[in-house]
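Accompanying notes for the structure given below.
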Amino acid sequence: MATAPTPGAAPAQASRMNPWVLAVGLAVVVPLVTILVLNLGRDPRSSRSPLIGRPAPAFSLAPVGGGAPVGLESLRGHPAVINFWATWCVPCFEEHAALTAAARTFREVQFLGIVYEDEEATTRAFLAKRGSSYPSLLDPEGKTAIAYGVFGVPETFFIDGTGRIVEKYVGPLDRGTIATLIARAKGGVP
């Protein structure tokens, strides 16, 4: 038995998709899915910096606690590890022991810490409590961090003996990763 239409009700229409909505939706979704798929196998801690393969930006910074400024030029002829860090950074705290041990193990490599957006007194207290086997330098205006393209900490740069940046690593380092990246800085294959 058929029912009579309700007075005043609009007749039912078959729903169909608006072609413009479909086109706009696809224009947004397809590029996003493509970007995600292309980056599936990428290590999020390895950052392809435009500085890789180029000379490391020069700097001359005072050490924490005072003393003569230390410059990049003084590291020439040796591979170097430059770690940007801060006392308020939890991952920096986690990697500190690994960096200190690596600096003791790899004597032929120069290690430097560059303090990022932190106070000297706080940094001195941190280093006094936890120790260090390499100098930490103050970057009070952040110019060195800007020159290296640092956007957060920890970020670590591995530099070869000629002063060229070989690798940039974002995030806390462990001993194995440090050893692998030092091998690259020394001209090894890994």
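Quick grid of which residues meet (1) in contact with a helix residue (DSSP H, G or I) (Cβ under 6 Å, 6 or more places away or on another chain); (2) surrounded by fewer than 19 Cβ atoms within 10 Å (Cβ to Cβ):
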position	(1), (2)
P69	no, yes
V90	no, yes
L99	no, no
Q110	yes, no
V153	yes, no
Does region 40-66 hold any residues that are open to solvent by 70 Å² or more (accessible area, probe 1.4 Å) and modelled with pLDDT under 90, and which are they? L40, G41, R42, D43, P44, R45, R48, P50
Being touching a Phe, Trp or Tyr at 6+ places or on another chain (Cβ under 9 Å), over 21 Å from F59 (Cβ atoms), at pLDDT 95 or above and open to solvent by 30 Å² or more (accessible area, probe 1.4 Å) narrows A121, A179, A147, A125 down to just A179
Could you look through region 128-144, keep only residues that are part of a loop (DSSP other than H, G, I, E, B), touching a strand residue (DSSP E or B) at 6+ places or on another chain (Cβ under 9 Å) and in contact (Cβ under 8 Å) with a residue 24 or more places away in the chain, and pick out the one that is most open to solvent (accessible area, probe 1.4 Å)? P135
In region 60-70, the residues that are touching a residue at least 40 places away in the same chain (Cβ under 8 Å) and either farther than 22 Å from A121 by Cα or outside any loop (DSSP other than H, G, I, E, B) (or both): L61, P63, V70
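The values are calculated or read from the model by the stated rules, or taken from the named source; none is laboratory data. These numbers were taken from a predicted model, which means no experiment stands behind them. No Cβ is skipped: glycine too gets one built from the backbone with ideal geometry, and neighbour counts run over all protein chains shown. Keep in mind that these areas ignore ligands, DNA and RNA; they rest on the heavy atoms of the full protein, side chains included. Shrake-Rupley method; radii C 1.70, N 1.55, O 1.52, S 1.80 Å.
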